[in-house]
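This report concerns only the one structure given below.
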Amino acid sequence: MPNENNSAVVHVQNLHKRYGNLEALRGITFEIKPGEVFGLLGPNGAGKTTAIEILEGLRQPDSGTVTVCGMDPAREKGALKERIGAQLQATVLPDKIRVQEALELFAGFYHQSASIEVLLERFGLAEKRRAFFEKLSGGQKQRLALALALVNNPELVLLDEPTVGLDAQLRRDIYALIEQFRTEGRTTLLTTHYIEEAERLCDRVAILDHGQVVAMGTPRELVHSSGKGTRLEVRLAKPVLPDRLKQLDAVVDCREAEGRYFLHAQPPARAVAALMRFLEAEGNALLDLHIAPPTLEDVFIEMTGRRMEA
Ligand code: ATP
């Protein structure tokens, strides 16, 4: 099932897409290697759905080149459909279709299909096989959407916001299922606006903003390349001007909000030592200190100057 040679499963070069006056994609370029879980991370409206729909052959780009499993999605949609698994918006299923019927119906669309029994077991839906779609919980609907995406045993799985609207526990259940795709040698592209999802699941991430890739790499590379460094959250006995903390050794940045000071430090140990010396000299004291590694959110803020609100 994995791509026979080591060439990219998805190759996107300088892709542009415009809706009237709105430039939804402004020249995005990325590649996805066989077996990778690749994430397109960005806020609403960044262009993630547009990109994924172009890869599926559902939309035509204005310019740029796209190759998916060695094919041009715009011209070879039929052949490509056999090799990719696209997660549908679960809501497009009729209310009165039963879980097993939905899987059988979808299996019929392809030349080859996976075993329905295996899918029911694997996605925890065996006991719900006779349940109507409308009676499923949100988590069960998402699991069915993933099972439907795997019904043709695809080498590439395309997931558009696979956990949107689910609570944290259900999201983690879905992560475990997606992690298995990698173990099986499938390639996965997912879009998300959840930082944690991208950090936890993805081998590599492209951060998308206003139709452009603003950063790309492994989550680790991205957070380490961020000049911001480790985050320190500090509460002090007496207030102090944030600018004074910013001048301390190894402190890159400092802002204050609601009586707390948020520092970025590199290296963090030196900044903590400098902070302790400063507080002692000032007759001030530390009430609380939290140290956290930088996240992809910090990278997004650094690249765009904004928080990545959903
Ligand atoms: P979301 O998470 O909200 O779906 P997204 O990152 O997937 O966001 P897209 O859905 O690709 O982003 O949308 C990118 C931009 O293009 C948005 O500003 C959106 O309003 C606009 N857009 C998307 N589809 C159309 C369309 N058919 N006609 C006009 N504008 C569109």
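The values are calculated or read from the model by the stated rules, or taken from the named source; none is laboratory data. The shown structure was predicted, so the numbers you read here are calculated from the model rather than taken from an experiment. Here the Cβ is made from the backbone with ideal geometry for all residues, glycine too, and neighbour counts use every protein chain on show.
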Inset, instruction - Look at the range 9-45 and say how many of its residues are more than 11 Å from the ligand (Cβ to nearest atom) and either within 15 Å of residue 80 (Cα to Cα) or among the aromatic types (Phe, Trp, Tyr) (or both). - result: 5
Inset, instruction - Kindly provide the set of residues from the range 208-238 that are at pLDDT below 95, assigned to a strand (DSSP E or B) and out of contact with any helix residue (DSSP H, G or I) (no Cβ under 9 Å at 6 or more places or on another chain), ordered by number. - result: 233
Inset, instruction - Under 7 Å between Cβ atoms, at least 6 apart or on separate chains: pull out the pairs that start in the range 144-169 with a residue that is at positive phi and end on any residue that is assigned to a helix (DSSP H, G or I). - result: 165/138
Legend entry - Meets criteria (assigned to a loop (DSSP other than H, G, I, E, B) and more than 22 Å from residue 152 (Cα to Cα)) for residue 27: no
Inset, instruction - Taking the residues in the range 170-186 that are among the β-branched types (Val, Ile, Thr) and in contact with a helix residue (DSSP H, G or I) (Cβ under 8 Å, 6 or more places away or on another chain) as candidates, determine which candidate is modelled with the lowest pLDDT. - result: 174
Legend entry - Boolean, residue 169 is polar (S, T, N, Q), more than 16 Å from the ligand (Cβ to nearest atom), touching a Gly at 6+ places or on another chain (Cβ under 9 Å) and not assigned by TED's automatic domain parsing to the domain that holds residue 71: no
Inset, instruction - Would you list the helices (runs of 4 or more DSSP H) that sit entirely within the range 239-310 and hold 1 or more residues that are of a type in the set (Lys, Arg), at pLDDT 90 or above and within 30 Å of residue 43 (Cβ to Cβ)? - result: 242-246
Legend entry - Within the range 46-60, considering residues that are within 13 Å of the ligand (Cβ to nearest atom) and either among the aromatic types (Phe, Trp, Tyr) or not in a helix (DSSP H, G or I) (or both), the one nearest to residue 307 (Cα to Cα): 46
Inset, instruction - Report, by residue number, each residue of the range 120-160 that is of a type in the set (D, E, K, R) and either in a loop (DSSP other than H, G, I, E, B) or touching a Phe, Trp or Tyr at 6+ places or on another chain (Cβ under 6 Å) (or both). - result: 129, 130, 143, 155
Inset, instruction - Could you list all residues from the range 72-99 that are over 25 Å from residue 147 (Cβ atoms) and among the hydrophobic types (A, V, I, L, M, F, W, C)? - result: 74
Legend entry - Failed item in (1) assigned to a loop (DSSP other than H, G, I, E, B); (2) surrounded by 17 or more Cβ atoms within 10 Å (Cβ to Cβ), with residue 185 passing the rest: (2)
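Yes or no, residue by residue, for (1) on the phi < 0 side of the Ramachandran plot; (2) aliphatic (A, V, I, L, M); (3) in contact (Cβ under 8 Å) with a residue 40 or more places away in the chain; (4) assigned by TED's automatic domain parsing to the domain that holds residue 192:
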site: 8; (1), (2), (3), (4): yes, yes, yes, yes
site: 29; (1), (2), (3), (4): yes, no, yes, yes
site: 32; (1), (2), (3), (4): yes, yes, yes, yes
site: 35; (1), (2), (3), (4): no, no, yes, yes
site: 44; (1), (2), (3), (4): yes, no, yes, yes
site: 56; (1), (2), (3), (4): yes, no, yes, yes
site: 67; (1), (2), (3), (4): yes, no, yes, yes
site: 73; (1), (2), (3), (4): yes, no, no, yes
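Okay, residues lined up against (1) more than 16 Å from the ligand (Cβ to nearest atom); (2) touching a strand residue (DSSP E or B) at 6+ places or on another chain (Cβ under 7 Å); (3) among the β-branched types (Val, Ile, Thr):
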{"position": "199", "(1), (2), (3)": "yes, no, no"}
{"position": "209", "(1), (2), (3)": "no, no, no"}
{"position": "231", "(1), (2), (3)": "yes, yes, no"}
{"position": "238", "(1), (2), (3)": "yes, no, no"}
{"position": "251", "(1), (2), (3)": "yes, yes, yes"}
{"position": "261", "(1), (2), (3)": "yes, yes, no"}
{"position": "266", "(1), (2), (3)": "yes, yes, no"}
Legend entry - Selected residue [away from the ligand (no atom under 16 Å from the Cβ), hydroxyl-bearing (Ser, Thr, Tyr) and free of Cβ contacts under 8 Å to residues at least 12 places away in the same chain] from 115, 63: 115
Inset, instruction - Assess whether residue 74 counts as being under 28 Å from residue 196 (Cβ atoms) and either outside any strand (DSSP E or B) or near the ligand (Cβ under 9 Å from one of its atoms) (or both). - result: no
Inset, instruction - Quick one: count up the residues across the range 85-103 that are within 16 Å of residue 154 (Cα to Cα) and surrounded by fewer than 20 Cβ atoms within 10 Å (Cβ to Cβ). - result: 1
